[in-house]
Every structure is written in structure tokens, then in C-alpha cells.
Amino acid sequence: MPYSTKQQQAILTCLEARRDQPVSAADLAAELRRSGRPVGLATVYRQLEKLETAGCVHKVNTEEGAYYQYCSHPDGDRQQDCLLLKCEHCGRIIHLDCTHLQPLYEHLQREHHFTVNHRRTLFSGLCASCAEKEGPDGGQ
């Protein structure tokens, strides 16, 4: 990211500290205010848009609204295949680096003329912890 403002860096630092939790722009603004680094909500949205474009964060659109999550790729490797896994039970979103999906992306492009945006790919299912709690028969 060639140019970074203090506000943008504060937002990125806050997201990085919560790397395993997606956060809304409003929650992010509130957390920054509590930590003594107040940033207006409109500014948070603008900076999140820039950070998403730069590949530093993922934007996750849900029924409850948009959430943002830190992307842990090193600066020079932002285009690496990554995706998000959302647990349908606990709501946890896991950032995953996985090149094993590349053959699927290529198949969809070649056979179905559809290009997957891996930066916005979100798979739903159960995380290991929730799957273990539910047991093999789906009950608890």
C-alpha cells in the first residue's frame, strides 16, 4: 500500500488485532473512539473501501450488513488465492489461503465462462468446533 494515512493505519491495526473476527464499520468506529483514536463513520467507510481495493481487508456482505476482516497476506502477495469460510452455527468467519481451488476456478472460466472473484468468495458450513459439538447425527 503506497500511501497510508494515520486514520487508515489505525483502522488497519484495529482490524489486524481482531483478525479472526469480522467487524462492521460502526463497531470499528466505536472501538477506535474507545481507544482514543476517534475516526468519523464516513471516514471509516472511505478508508475501508481503500483498504479493500488494496487487498488488505475482505468485505463480507451478510443479511445483517457489511463486515470487514483483515487479510493476512504479506504486502507483495495480496493476489494469492484466499477465501472466507463462515460457520452457519457460531457465525465465525475464517480467512483461508488455499491454492487447491485454482483448478475449480479454471474449470468455471473455461467451461462455464464465469470468473470467480476469489477475494469475495464465501463458503458456508460448519467450523470444526461446531461440527464436533453437533456430532455425527447432527444433534447435540
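The values are calculated or read from the model by the stated rules, or taken from the named source; none is laboratory data. Computed from a prediction, not measured in an experiment: that's the story for all the values here. Cβ: placed from backbone, ideal geometry, glycine included. Neighbour counts: every protein chain shown.
May I ask you to verify whether S129 is more than 13 Å from the chain's Cα centre (by Cα), at pLDDT 80 or above and in a strand (DSSP E or B)?
Details: more than 13 Å from the chain's Cα centre (by Cα): yes; at pLDDT 80 or above: yes; in a strand (DSSP E or B): no.
So S129 does not fit the description; no.
Cβ-Cβ distance below 9 Å, separation of 6 or more or different chains: which pairs start in segment 81-96 with a residue that is touching a residue at least 12 places away in the same chain (Cβ under 8 Å) and end on one that is among the aromatic types (F, W, Y)?
D81/Y105; L83/F123; L84/F123; L85/F123; K86/F123; I93/Y67; H95/Y70; L96/F123
Test of understanding: among L83, L48, L15, which residue is within 30 Å of E134 (Cα to Cα), within 12 Å of the chain's Cα centre (by Cα) and not hydroxyl-bearing (S, T, Y)? If you could, list the steps in order and put the result at the bottom.
Working: L48 fails: within 30 Å of E134 (Cα to Cα); L15 fails: within 30 Å of E134 (Cα to Cα).
Answer to the check: L83.
Considering segment 102-120 alone, what residues qualify as being touching a helix residue (DSSP H, G or I) at 6+ places or on another chain (Cβ under 8 Å) and either in a loop (DSSP other than H, G, I, E, B) or at pLDDT 85 or above (or both)?
Selection gives Y105, F114, T115, V116.
Closer than 23 Å to L83 by Cβ, exposed (fewer than 12 other Cβ atoms within 10 Å of the Cβ) and of a type in the set (G, A, S): which single residue out of G65, G55 fits that description? Steps first, please.
On the way: G55 fails: exposed (fewer than 12 other Cβ atoms within 10 Å of the Cβ).
From the options G65, G55, the qualifying one is G65.
Residues of segment 91-132 being under 27 Å from Q21 (Cβ atoms), surrounded by fewer than 13 Cβ atoms within 10 Å (Cβ to Cβ) and charged (D, E, K, R), which ones?
Result: D97, E132.
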